[in-house]
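*Asks:* Structure provided below as structure tokens; questions to follow.
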Amino acid sequence: MSDVRQPAADPQPPPIEGAKVESPNSVVEYSERLLLAERTDSEINQAVLQPMIQTGRGFWILVSILGAIVAWGVYAWGYLVYWGIGVSGKNRPVYWTLFITTFVFWIGISHAGTMISAVLRLLKADWRRPITRGAEAMTAFALMMAGLYPLIHLGRVWKFYWMIPYPNNRFMWPNFQSPLMWDLVAISTYLIGSTLYLYLALIPDMAMARDHTGSWRYILYRALALGWRGTEGEWQKLHRALSIFSVAIIPIFLSVHSIVSWDFAVTIQPRWHSTIFAPYFVVGAIYSGLSALASILVLVRKGMRLQEFLRAEHFDSLGKLVLVAGLFWTYFWFAGFLVEWYGNEPVTRELIHEEVAGRLAPLFYLQMGANLIPLGLLIFKKVRTRPGMLLATTLLVNVGMYTERLLIVIGSLQRNHIPFNWGTYRPTWVEISIVAMTFAGFALLYTLFSRIVPYVPVWEIKEGRLRYTMRRIGRLLVPTAAEIE
Amino acid sequence: MIDTITWMGLFNESTQVAAAIDELHTLGIPEDKMEVMTGVPYPEGALGRHREWLSLPYIVLAGAGAGFLFGLFLSAITPHLYRLDVGGHPPVGLPPAAVITFVFTMMATIVSTFLGVLWEMNFPHFGPTPYHKLVTDGFLVLLLEFPAALEAEVRRILEAHRVHHLGEPERMPL
């Protein structure tokens with residue numbers, strides 16, 4: 001039984017002239033843009049709350065499968081802790097393996113969420129409104145998964161507290177000159193910042209959910225709404241705080257992936273010791289993160305029947321951003337590759353040969369194909385606006401980006417300046433299980449989040465609706481926007 | 001004898017609220033005796049009210065300053081507390097110190113923004129407060145306190161601007 005409370009019968013809002021009267025449960029196809037649709041605020045609330053509350057059998061099957069994979073991964077992690085890091089495929093010289101590869105991948109995925117929300121908020125881009133919360137949640141959960149890897153990679157996870165900045169009894173502090181410490185601090189900052197940013201924008205919608213639900217949901221939403229009433233002062237302060245957050249979080253998200261890249265670039269390992277690594281990593285992260293966001297939005301739209309909110313115009317804009325990020329990634333990749341190829345340094349030459357015509361060639365061509373083919377496809381509006389095609393294209397991008405990280409981390413480590421120390425690497429079942437755990441864990445957290453928290457930022461949608469009106473220009477009736485922010 | 005009356009009125013239209021507030025000002029009801037609640041952020045000044053002064057930017061600056069000093073302490077002072085000379089590097093290198101100082105400055109900026117805005121909004125506040133659940137269904141709520149002698153005039157103004165549901169506010173736990 002649904003525990004959504006219907007709005008009070010008295011007083012009723014006066015009917016809007018020409019408004020469509022529909023059941024809140026039905027999906028209404030509007031020919032006009034959502035922001036102009038003649039839905040009452042109450043109907044919008046119901047349209048967002050209903051899919052959260054009505055969970056079908058498919059939802060529970062999905063949660064069970066994801067939960068089982070996570071449980072298996074936890075067992076594998078326990079096995080690793082008990083028997084030691086030797087049960088992974090780590091060796092000399094490949095001391096960073098699937099764990100660090102996947103760590104870099106998750107950090108990359110986390111990038112687009114904040115970017116799409118903060119940058120587009122600052123630019124006052126209206127198409128951001130229905131997708132910001134999903135994007136911010138993606139950042140928070142991807143960072144949580146990324147944050148597990150330093151712990152897993154340590155092996156002796158109980159020694160983690162050595163990295164916390166406090167002195168031991170000899171007044172020895174952690175070494176803040178080390179990029180590994182920068183990692184810890186930067187990821188913690190980004191995780192705290194992204195979570196607070198997500199939560200702050202969520203408060204008005206928690207109040208909306210509080211006013212329309214009962215039972216345990218009411219208790220939860222009431223606690224999270226913090227007593228929000230929607231007074232003018234509260235709105236003004238919230239807007240100011242979100243503006244400050246938007247400005248402050250942009251350099252943070254740039255710094256995080258730069259710092260991750262410096263983990264590699266400050267070493268003298270061939271193919272890592274490059275000044276272009278930081279911007280190359282940042283652009284790659286944006287490319288993979290935007291693609292992941294597009295994939296997730298397509299899946300959530302289908303799963304939660306949010307077709308009314310997540311529309312072709314949003315996918316079109318997102319697809320264009322993916323395309324631009326992909327072109328930048330190609331440019332940076334080529335700029336780095338060209339200089340290394342031209343330098344002809346012996347170990348680098350060996351590594352490039354391994355990639356282009358050696359053992360790593362299948363991965364190299366998979367990387368190039370999966371990253372470049374989508375650029376050709378995304379030029380077409382049909383690909384950007386049809387959810388199925390966009391999903392396939394953006395999933396392909398992330399296959400390519402994961403492969404790219406495999407080549408950077410594992411591929412490069414197999415060759416170094418000491419030829420008798422060259423080696424190879426094969427992942428073990430423990431590593432594969434733990435990597436699968438984080439993918440399933442991300443999906444599980446995201447799935448549960450979408451059923452507990454209003455996935456679409458209702459107040460932002462309503463605010464956007466305030467901005468628009470129709471104006472006749474010649475024979476056309478076109479939407480015009482007012483400056484209200 | 002009742003000296004003051006507190007009323008809550010629900011409106012459909014923002015223009016009606018703004019017009020009613022203007023007339024109530026003219027009647028002599030001061031700014032701080034009126035409060036508007038909405039489910040949507042209206043532009044500042046749209047409802048005829050003055051902009052509030054915020055101390056949030058100063059809280060954020062103070063937080064950023066504290067984060068900067070803490071980052072500087074970790075990156076530039078702690079290496080001297082137990083000095084380890086490694087490979088010809090100075091104990092404190094400027095580029096690594098810049099990274100740590102920057103990240104701690106930003107962390108403190110973010111945290112102080114969050115705590116600052118909660119402090120400014122007086123959150124959390126779960127106690128009984130005048131509120132109406134139809135705020136989140138699109139109604140605009142005007143909460144006002146005025147001398148009992150003005151009751152008839154206030155009623156006339158609000159009804160002239162098509163108020164719904166005029167009466168004493170319900171104080172509900174939020």
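*Asks:* Rounded to the nearest 500 deg cm²/dmol, what is the calculated helix-only ellipticity per residue at 222 nm for chain A, with -39500 (n - 2.57) per DSSP H run of length n ≥ 4? Show your work: numbers first, answer last.
*Replies:* Values: 15 runs with 307 residues, N = 485.
Per the formula, -22000 deg cm²/dmol.
*Asks:* Please give me, ordered by residue number, the GluC sites (Glu not before Pro) of region B:80-174 that lie in loop per DSSP and have at most 15 other Cβ atoms within 10 Å.
*Replies:* Within region B:80-174, the qualifying GluC sites (Glu not before Pro) (loop, at most 15 other Cβ atoms within 10 Å) are B:E170.
*Asks:* Let me ask something else. Answer rounded, prolate or oblate for region B:70-174, using the Cα gyration tensor with square roots of eigenvalues a ≥ b ≥ c: rounded when a/c is under 1.5, else prolate when a/b is larger than b/c, else oblate.
*Replies:* prolate
*Asks:* Translational D (Stokes-Einstein, µm²/s) of region B:56-120 at 10 °C and 1.306 mPa s when Rh comes from the Kirkwood sum over C-alpha pairs? Don't skip to the end; give the middle numbers.
*Replies:* Numbers: Rh = 12.7 Å.
Using the Kirkwood radius from Cα pairs, D works out to 125 µm²/s.
*Asks:* Just B:H80, B:H132, B:H164 to compare: in a GNM of chain B, with alpha carbon springs under 10 Å, which one fluctuates most?
*Replies:* It is B:H80.
*Asks:* Could you tell me what fraction of 2.2 N^0.38 Å the Cα radius of gyration of region A:233-390 comes to, as a two-decimal ratio? Could the numbers behind the result be given before it?
*Replies:* Values: Rg = 19.6 Å, N = 158, 2.2 N^0.38 = 15.1 Å.
Taking the Cα Rg and dividing by 2.2 N^0.38 Å, one obtains 1.30.
*Asks:* Treating only the Cβ atoms of Lys and Arg (+1) and Asp and Glu (-1) as charged, compute the dipole magnitude of the protein assembly as shown about its Cα centre; round to the nearest 20 debye.
*Replies:* Numbers: 52 positive and 49 negative charges, 449 e Å.
Here the size comes out at about 2160 debye.
*Asks:* Among A:101-110, A:409-418, A:48-57, how do they line up by average Cβ neighbours within 10 Å per residue, starting with the highest?
*Replies:* Working: A:101-110: 27.2, A:409-418: 19.9, A:48-57: 15.8.
Order by mean packing, descending: A:101-110, A:409-418, A:48-57.
*Asks:* How much of the pair distance distribution for chain A lies past 37 Å, counting alpha-carbon pairs only, in percent? If you can, show how the numbers build up before the last one.
*Replies:* Details: 38304 of 117370 pairs.
Tail of P(r) above 37 Å: 33 percent of Cα pairs.
*Asks:* With the dipole of chain A worked out from charges on the C-beta (+1 for Lys and Arg, -1 for Asp and Glu) around the Cα centre, which of A:M172, A:G67, A:S243 lies farthest toward the positive end?
*Replies:* Result: A:G67, furthest along the dipole toward the positive end.
*Asks:* Which stretch or stretches of region A:150-190 have amide N atoms under 12 Å from the point lying 7 Å from B:F73's Cα along the Cα→Cβ direction?
*Replies:* Zone members listed by number: A:166-167.
*Asks:* Now for a separate question. Within chain A, count lysine pairs with alpha carbon atoms under 25 angstrom apart where the residues are 8 or more positions apart or belong to different chains.
*Replies:* Taking the Cα cut-off of 25 Å, the pair count is 14.
*Asks:* Oh, and also: Could you work out how much longer the chain between A:K302 and A:A68 gets when fully extended? Use 0.36 nm per residue separation minus the Cα distance between them, nm to one decimal.
*Replies:* Numbers: separation 234, 0.36 × 234 = 84.24 nm, distance 2.35 nm.
Length gained between A:K302 and A:A68: 81.9 nm.
*Asks:* If you don't mind, there's one more thing I want to ask. Please give the length that would be gained between A:K381 and A:I268 if that part of the chain were fully extended, namely 0.36 nm times their separation in residues minus their C-alpha to C-alpha distance (nm, one decimal).
*Replies:* Details: separation 113, 0.36 × 113 = 40.68 nm, distance 4.43 nm.
This chain segment gains 36.3 nm when fully extended.
*Asks:* Residues in region A:442-485 near a label at B:E44, defined as backbone nitrogen under 14 Å from the 7 Å Cα→Cβ point?
*Replies:* A:484-485
*Asks:* Oh, and also: In Å, the Kirkwood hydrodynamic radius of region A:317-380 over pairs of distinct alpha carbons? Display every interim value, and only then the final one.
*Replies:* Details: mean 1/r = 0.0767 Å⁻¹.
For region A:317-380, the Kirkwood estimate is 13.0 Å.
*Asks:* Please report, largest first and rounded to whole Å, the three semi-axes of the ellipsoid equivalent to region A:165-307, where each semi-axis is the square root of five times an eigenvalue of the C-alpha gyration tensor. Working shown, then result.
*Replies:* Values: eigenvalues 284, 104, 44 Å².
The three semi-axes for region A:165-307 are 38, 23, 15 Å.
*Asks:* For the protein assembly as shown, with the dipole built from +1 on Lys and Arg beta-carbon atoms and -1 on Asp and Glu ones, taken about the Cα centre, which of B:L24, A:A118, B:M121 lies farthest toward the positive end?
*Replies:* A:A118
*Asks:* Let me test this: with uniform point scatterers at the alpha carbons of region A:355-480, what is the Debye-based log₁₀ I(q)/I(0) at q = 0.13, 0.14, 0.21 1/Å?
*Replies:* Each listed q maps to, in turn, -0.87, -0.94, -1.23.
*Asks:* On to the next question. Of the chymotrypsin sites (Phe, Trp or Tyr not before Pro) in region A:165-199, which ones lie in a loop per DSSP and count no more than 11 other C-beta atoms within 10 Å? Let's see the in-between values first.
*Replies:* Working: sites: A:F171, A:F176, A:W182, A:Y190, A:Y197, A:Y199; in loops: A:F171, A:F176.
Within region A:165-199, the qualifying chymotrypsin sites (Phe, Trp or Tyr not before Pro) (loop, at most 11 other Cβ atoms within 10 Å) are A:F171.
Each reported figure results from applying straightforward, stated rules to the coordinates on display, with no laboratory input. The structure displayed is predicted, hence computed values, not measured ones. Because the Cβ atoms are built from the backbone with ideal geometry, glycine has one as well, and the counts that use them run over all protein chains shown.
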